[in-house]
Amino acid sequence: MKIHTEIDVGPRRAADYMDIGDQLDAMMKGFDALQELGIELPAETVAWIAHCKEVKARHRKT
């Protein structure tokens, strides 16, 4: 008789991902690069990029 158990990989997977802030920053930089190449992005994405840049300008790394 085999015993089958379900293992919730969610917590282990979540622990292995990089910080959510770092993930969002990487996505923003990728979309910004596409925009700089002249690729048209949805208005919401353009607004999000602008918002991120404003926050980064207000809170610069030292």
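Read-outs throughout are calculated quantities, based only on the coordinates presented, and are distinct from any laboratory measurement. Quick caveat, the model's predicted, so the values are computed rather than measured. Heads up, the Cβs are rebuilt from the backbone with ideal geometry, glycines too, and the neighbour counts pull from every protein chain shown.
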Enumerate the pairs (first residue in the range 19-38 and without any contact (Cβ under 8 Å) to a residue 40 or more places away in the chain; second residue anywhere and outside any helix (DSSP H, G or I)) with beta-carbon separation below 6 Å, excluding pairs fewer than 6 apart on the same chain, so at least 6 apart or on different chains.
-> 35/41
Just a yes or no: is a residue in the range 8-22 aliphatic (A, V, I, L, M) and surrounded by 10 or more Cβ atoms within 10 Å (Cβ to Cβ)?
-> no
Would you pick out the residues in the range 27-41 that are surrounded by 10 or more Cβ atoms within 10 Å (Cβ to Cβ) and of a type in the set (D, E, K, R)?
-> 29, 32
List every residue pair whose Cβ atoms sit under 7 Å apart, with the two residues 6 or more apart in sequence or on different chains, where the first one lies in the range 40-53 and is within 12 Å of residue 29 (Cα to Cα) and the second, anywhere, is among the charged types (D, E, K, R) and surrounded by 12 or more Cβ atoms within 10 Å (Cβ to Cβ).
-> 49/32
